[in-house]
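Presented below is the structure to which this report refers.
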Amino acid sequence: MIIRRFDPSTDAGILEFEAERTIVRIGSVTMVSLLPKQDFLRKFGTNGLHLAVKRKEVVGAILITVEQEESCPVALMYGIKVDEPWRRQGIGFRLMQQADLFTRKCGLKRMVLDTRPHSTPALSLFRKCGFATARKSPQSLRVEKMVR
């Protein structure tokens, strides 16, 4: 399996554009971004969408970009998905390592993401990757990690 950046010439089939949202299809699962096509491509393009590929099949994906928060820029992860049959094989962990690399290459020291507080498998992965709770509400959980 390899982790690589999205390539519009070969991977365009995983993206579906609707009027006000973009859908990333990874096998039987999807990630939905509330960004229309041009905004999605500008924000993630070939730099912030990374794919896990096994035998030419996209089995996982991660969306990450740089955002300004408070007084400094951070790497903000918008989503991570691994197709159902490929879960619990280290693919999510490898995608998270790619997010660390992205963060360092951008010269950033902090990565953040928002998730549901009851998303147990995702929270387990995030904690395994060094994330800690920064803020919690009944509907949302902000976790963050300092990247070295």
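The values are calculated or read from the model by the stated rules, or taken from the named source; none is laboratory data. Everything numeric in this text was worked out from a predicted model, so none of it was measured. FYI the Cβ positions are ideal-geometry reconstructions off the backbone, even for glycines, and counts take in every protein chain you see.
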- Message: So, Arg116, is that one more than 22 Å from Met31 (Cα to Cα) and not polar (S, T, N, Q) or not?
- Response: no
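Results for (1) at pLDDT below 95; (2) over 24 Å from Pro85 (Cβ atoms), shown as yes or no for each residue.
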position: Thr10; (1), (2): yes, no
position: Gly13; (1), (2): yes, no
position: Glu18; (1), (2): yes, yes
position: Val32; (1), (2): yes, no
position: Asn47; (1), (2): yes, yes
position: Ala52; (1), (2): no, no
position: Arg55; (1), (2): yes, no
position: Gly60; (1), (2): no, no
position: Glu67; (1), (2): yes, yes
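This table checks each residue for (1) of a type in the set (Val, Ile, Thr); (2) farther than 18 Å from Leu101 by Cα.
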residue: Pro8; (1), (2): no, yes
residue: Leu15; (1), (2): no, yes
residue: Ala19; (1), (2): no, yes
residue: Thr22; (1), (2): yes, yes
residue: Met31; (1), (2): no, yes
residue: Asp39; (1), (2): no, yes
residue: Phe44; (1), (2): no, no
residue: Gly48; (1), (2): no, no
residue: Ala52; (1), (2): no, no
- Could you check Gly27 against (1) under 15 Å from the mean Cα position of the chain (by Cα); (2) surrounded by 16 or more Cβ atoms within 10 Å (Cβ to Cβ) and say which number it fails? (1)
- Task: Starting from the range 90-107, take each residue that is closer than 15 Å to Ile2 by Cα and list its partners that are of a type outside the set (A, V, I, L, M, F, W, C) and in a helix (DSSP H, G or I), counting only C-beta distances under 8 angstrom and pairs at least six apart or across chains.
- Result: Phe93/Lys128
- Note on the structure: For the range 101-148 the number of residues that are more than 14 Å from the chain's Cα centre (by Cα), crowded, with 17+ Cβ neighbours inside 10 Å and β-branched (Val, Ile, Thr) is 1
- Note on the structure: For Val58, the lone unmet condition from (1) touching a residue at least 40 places away in the same chain (Cβ under 8 Å); (2) touching a helix residue (DSSP H, G or I) at 6+ places or on another chain (Cβ under 6 Å); (3) within 20 Å of Lys128 (Cα to Cα) is (3)
- Query: Could you count how many residues in the range 121-144 are touching a helix residue (DSSP H, G or I) at 6+ places or on another chain (Cβ under 8 Å) and in a strand (DSSP E or B)?
  - Reply: 2
- Write out, first by first residue and then by second, each pair whose Cβ atoms fall under 9 Å of each other, whose residues are 6+ apart or on separate chains, and whose first residue, in the range 11-37, is in contact (Cβ under 8 Å) with a residue 60 or more places away in the chain while the second is of a type in the set (Val, Ile, Thr). none
